[in-house]
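Below is one structure, written out as structure tokens, with a few remarks after it.
All of the numbers you see were taken from the coordinates with simple rules; none came from a lab. Here the structure is a predicted model, which is why all the values come from computation and not from measurement. When we count neighbours, we look across all protein chains shown, and the Cβ atoms used for this are built from the backbone with ideal geometry, even at glycine.
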Amino acid sequence: MEFSRPASTEEAAAIKAADPGATILAGGTDLMVEVNFGHASPDHVIGLRRVDDLADYQDTRIGAGVTWARLEECSHRALAQAARTVGSPQIRAAGTIGGNIGTASPAGDGLPWLAAAEAEIEVYSTTRGTRLVSWDQFFTGVKQNALADDEVITAAVLPENVPSVQEFAKIGQRSAMVISTVSACVMRDDEGSIRVALGAVAPTPIRVRQAEALVSGQSNPSEALLEEFARTVSAEVKPITDHRSTEAYRRHASGVLARRLLERCLAQ
Amino acid sequence: MIINMTVNGEARNAVVAGSESLLTTLREELGLPGSKNACEQGECGSCTVILDGALVTSCLVMSADCEDSEITTVEGLSTDRELHAVQRALLDAGAVQCGFCTPGFVVAAAHLFEENRHPSSETIREALSGNICRCTGYGAILRGLEALAQEPS
Ligand SMILES: Cc1cc2nc3c(=O)[nH]c(=O)nc-3n(C[C@H](O)[C@H](O)[C@H](O)COP(=O)(O)OP(=O)(O)OC[C@H]3O[C@@H](n4cnc5c(N)ncnc54)[C@H](O)[C@@H]3O)c2cc1C
Ligand code: FES
Ligand code: FES
């Protein structure tokens, strides 16, 4: 096996372009599980752990190499809440948001926040330069994304006006070290528009637009409207039954979780 | 390939096969079997080490990515004469049953006490949330570390 240690994004992209089959390694918390269980046997690995320019955090541009440990302290409230629920201290010290985006698991806990914030994923190649792909174009299926063979994920780029009223929570079987059964992020902007994104209930993170429309602009929704909101969320998600949960439970939990987060946003 | 790393303060040249994990290299190549292999998927924390200042599970670190890295394993925390304060605290509390999880807990707790000499019970629990004890000896582990947190610095 060959191991490359680029010093910059530019260098990493050049190595990837020269060998499009090479595997990118960031924190390794997804990739090494695959390696240890024999599901991946890379013959060329490009290590990004020490590419400093990827680890740069700004409120409107979060470098792919920023760890969950760093995001726990960030100013985006719901992203920090999501970061605190990822794995364990060990996983958060190594795992990065770029790795979460790269894996594109339906249960990736960073993804509902990116969907609610309407983030663009910034990718870079030596031939085409920088490309910005909106979150809903980037995540294309279960563990599938729009990254080309010669590209490196460089950042999540946020619009200037990400609503500051935002809440994230997830449901799982225990409170530490658990993959989401359902995760959700709700945001409320200054005009009262509501955004609701969910994870682990569809092949990709999704927005539930009908439910959003139902409660947008409502600063004091009635109990009946909140119930209708929860029912609409449950109807709009597209969950499956797997070893972690059933479709029916995920539908129910989606509505309950989204309503709870909506009420928290309205109380702020 | 040969990877140069500093392990427990000593420069080491490790012969690393392919994509093997740091855990494998430590145990099988560098003669440091203190870090334990129980899950190889980051879930149990028994392989916990400190890598360039960060607390990580060594089963999820690729050894090839450790060129010029500094690693502290459980073996590096004590000397022949003196246990680390965390080890003494766990011993005093009778916090070891089969002992398989103990090195991971010791490294995680040592990393915590390095940053915060008087952590709250809440902080201790949070810091150890990536470590699992199949003997479920959590009560004694927490009591031992809570007692250490009360000791004057
Ligand atoms: C015990 C355990 C618990 C976990 N708990 C959670 C959890 O609660 N929530 C959650 O969301 N996830 C969880 N995970 C999954 C994982 O930790 C996260 O997905 C993490 O964000 C992955 O980041 P990484 O840097 O470790 O990625 P890596 O494993 O290094 O990479 C993951 C994938 O992304 C690609 N990639 C990484 N960086 C780039 C880049 N810059 N450009 C292009 N491709 C790239 C890699 O090639 C690889 O395919 C857990 C994992 C473990 C082992
Ligand atoms: S062996 Fe590494 S976390 Fe279990
Ligand atoms: S003492 Fe046996 S696993 Fe913890």
| field | Segment B:Ile2-B:Gln150, extension gain: residue separation times 0.36 nm, minus the distance between their alpha carbons | value | 48.8 nm
| request: Quickly rank B:36-48, B:8-20 as a protection proxy: mean count of other C-beta atoms within 10 Å, highest first. | output: B:36-48, B:8-20
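For n ≥ 4 DSSP H runs only, could you compute -39500 (n - 2.57) per run for chain A, divide by its residues and tell me the 222 nm figure to the nearest 500?
Per the formula, -9500 deg cm²/dmol.
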| query | For region A:165-267, what mean projected area does the convex hull of the alpha carbons give, in nm²? | reply | 6.2
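Note down the net charge around A:Phe138, summing +1 for each Lys or Arg and -1 for each Asp or Glu among other residues with Cβ under 15 Å from its Cβ. List each step's numbers first, then the result.
Numbers: positive: A:Arg131, A:Lys143, A:Arg207; negative: A:Glu118, A:Glu120, A:Glu122, A:Asp136, A:Glu151.
Local net charge: -2.
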| note | Note to self, chain B gives a 222 nm [θ] from helices alone (DSSP H runs n ≥ 4, -39500 (n - 2.57) apiece, / all residues, nearest 500) of -8000 deg cm²/dmol
| query | For region B:30-91 and region A:125-156, what is the separation of their Cα centres, given in Å? | reply | 35
| message | Please give the Cα centre distance for region B:100-130 versus region A:38-113, rounded to the nearest Å. | response | 23
| note | So, over other residues within a Cβ distance under 9 Å of A:Arg128, counting Lys, Arg +1 and Asp, Glu -1, the net charge is -1
| Summed side-chain charge close to A:Ile179 - residues other than A:Ile179 whose Cβ falls under 14 Å, Lys, Arg +1, Asp, Glu -1 | +1
| query | Where a Cα-Cα gap under 21 Å defines reach, which lysines qualify for A:Lys170, not counting those fewer than 8 residues away within the same chain? | reply | A:Lys143, A:Lys238
| note | About its Cα centre, region A:64-217 carries a charge dipole, from +1 on Lys and Arg Cβ atoms and -1 on Asp and Glu Cβ atoms, whose size in debye to the nearest 20 is 520
| Equivalent ellipsoid dimensions for the protein assembly as shown as semi-axes, Å, which come from the Cα gyration tensor, largest first | 38, 28, 18
| message | Projecting each Cα onto the charge dipole of region B:85-150 (Lys/Arg +1, Asp/Glu -1 at the beta carbon, about the Cα centre), which of B:Leu128, B:Val96, B:Ala147 comes out farthest on the positive side? | response | B:Val96
| query | Hey, in the GNM for chain A with a 10 angstrom Cα cutoff, which one of A:Phe138, A:Phe37, A:Phe229 fluctuates hardest? | reply | A:Phe37
| request: Please identify, among A:Glu247, A:Glu236, A:Glu120, the residue showing maximal mean-square fluctuation in a Gaussian network model of chain A using a 10 angstrom Cα cutoff. | output: A:Glu247
| Hey, in the GNM for chain A with a 10 angstrom Cα cutoff, which one of A:Ala17, A:Ala55, A:Ala78 fluctuates hardest? | A:Ala17
| message | Could you tell me what a quarter of the Cα convex hull surface of chain B works out to, in nm² with one decimal place? | response | 8.6
| task | Quick one: work out Rg over Rh on the C-alpha atoms of region B:2-75, Rh as Kirkwood radius. | result | 0.91
| task | Run the dipole for chain A about the Cα centre, Lys and Arg Cβ at +1, Asp and Glu Cβ at -1, nothing else charged, and hand back the magnitude in debye, nearest 20. | result | 840
| Could you give the alpha-carbon Rg of region A:64-176 over 2.2 N^0.38 Å, rounded to two decimals? | 1.05
| field | On Cα atoms only, tilt of A:9-18 relative to the major axis of chain A in degrees | value | 70
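Averaged over its residues, how many other protein chain Cβ atoms are within 10 Å of peptide A:25-35's Cβ atoms? Show your work: numbers first, answer last.
Values: counts 5, 1, 5, 11, 6, 2, 3, 14, 7, 2, 8.
The shielding value for this peptide is 6.
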| message | Suppose we keep just the alpha-carbon trace of region B:75-153; what are its Rg and Dmax in angstrom? | response | 11.4, 32
